[in-house]
Amino acid sequence: MKVFFDEIDVLTESRTELVDISSYVEDHVRKSNIKNGFCLAYALHSTVAIIVNEHETGLIQDIINKVEKDFPKGMGWLHDRIDDNADAHLASTFIGPSRIFPIKNGRLVKGKWQNIFVLELDGPRTRKIVLETLGE
Ligand code: ZN
């Protein structure tokens, strides 16, 4: 089995934002020369999530609106006593900091309308995202 590891920096510009990293993940898989296996995309942060969905402007705003509605800022969260971002930690906890994808014939397998996004929850910042492909 081969293992191929990358770490990419993703710059975000807003507090809550989606950044499409599909092309980075696809490039990573190509560079790995791994034909069949799995690729992990994993954020090294507690206030970021990785999600998969359609890259459409209205839907992107819908996702941001839904996250802000479900995890509202300043609701008396206890973590806000030491750090003003409990809402971002909670969203990351329940949405999740990683996704995994199948690799078949050297390509990332995903649906036509599936793109891979970093979901920034406490930006703007520079975010480190690990991409790791395992297989043969
Ligand atoms: Zn915090």
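Coordinate-derived values only; no laboratory data. In this text, all values refer to a predicted model and were calculated from it rather than measured experimentally. Don't worry about glycine lacking a Cβ; one is built from the backbone with ideal geometry, like all the others, and counts go over all protein chains shown.
Structure summary
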{"read-out": "Cβ-Cβ FRET estimate between Trp113 and Asp83, R0 fixed at 30 Å, reported to 0.05", "value": "0.25"}
{"read-out": "Cα lying deepest toward the dipole's positive end in the range 2-135, options Trp113, Gly96, Gln61, charges on Cβ", "value": "Trp113"}
{"read-out": "Nonlocal Lys pairs with alpha-carbon distance under 21 Å, the chain (8 or more apart, or different chains)", "value": "10"}
{"read-out": "Among 116-129, 25-38, 4-17, the order from most to least packed when residues are scored by Cβ within 10 Å on average", "value": "116-129, 25-38, 4-17"}
{"read-out": "Simple spin-label estimate for Glu26 and Thr57 in nanometres, 7 Å along Cα-Cβ", "value": "2.2"}
{"read-out": "Chain lengthening between Phe5 and Arg125 when straightened (0.36 nm per residue, less Cα-Cα)", "value": "40.9 nm"}
{"read-out": "Helix-derived mean residue ellipticity, 222 nm - over the chain, DSSP H n ≥ 4, -39500 (n - 2.57), to 500", "value": "-8000 deg cm²/dmol"}
{"read-out": "The chain: angle of helix 86-95 to the longest principal axis, Cα-based, in degrees nearest 10", "value": "40"}
{"read-out": "Sites Asn105 and Lys66 - FRET efficiency at Förster radius 35 Å, r taken between beta-carbons, to 0.05", "value": "0.50"}
{"read-out": "Kirkwood Rh in Å, taken over all unlike Cα pairs in the chain", "value": "15.5"}
